[in-house]
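One structure is given here, and the rest of the page talks about it.
Every read-out reported here was derived from the displayed coordinates using simple, explicitly stated rules and does not represent laboratory data. Model, not experiment: these values are computed from the prediction. Quick reminder, even Gly has a Cβ in these numbers, built from the backbone with ideal geometry, and neighbours come from all protein chains shown.
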Amino acid sequence: GVVIHNENRFIFAEKDKSKNLKWHELKTIHKKEDSNSDYIFEMFEESDGTSRLFDFIPMLIDMRANDAVYVIDEVDRSLHPMLTLKLLEM
């Protein structure tokens, strides 16, 4: 698959078993504490840290399959320090 994103949307494109192209728009779900309903967020509504984490997803997937070295400028930009540490440990 391929991830396409800009400031407003994250889209994942892939071919299904019949070789038809399928598009999926990524949204996030936030649970309401006092209710059974949820908030659905568009990606532009997410924090900088959450958006930054999604930037790393293609790299993390590739790291599971391949032995590679990645150079990331400002790896800690907008990320929680514990999340940055976990990414570096991976």
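Okay, here's what the table says:
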quantity: Most fluctuating residue given options Leu21, Leu60, Leu79, as computed from a GNM of the chain linking Cα atoms under 10 Å; calculated: Leu21
quantity: Restricting segment 1-63 to chymotrypsin sites (Phe, Trp or Tyr not before Pro) in coil, as DSSP defines it, with at most 16 other Cβ within 10 Å; calculated: none
quantity: Length gained when the stretch Arg64-Leu26 is fully extended (0.36 nm per residue, less Cα-Cα span); calculated: 11.5 nm
quantity: Value of Rg/Rh across the chain [Cα atoms, Kirkwood radius]; calculated: 1.02
quantity: Cα-based Rg and Dmax for segment 47-90, where Dmax is the largest Cα-Cα distance (Å); calculated: 10.4, 31
quantity: Where Cα atoms sit under 29 Å apart: lysine pairs in segment 1-60 separated by 8 or more or lying on different chains; calculated: 4
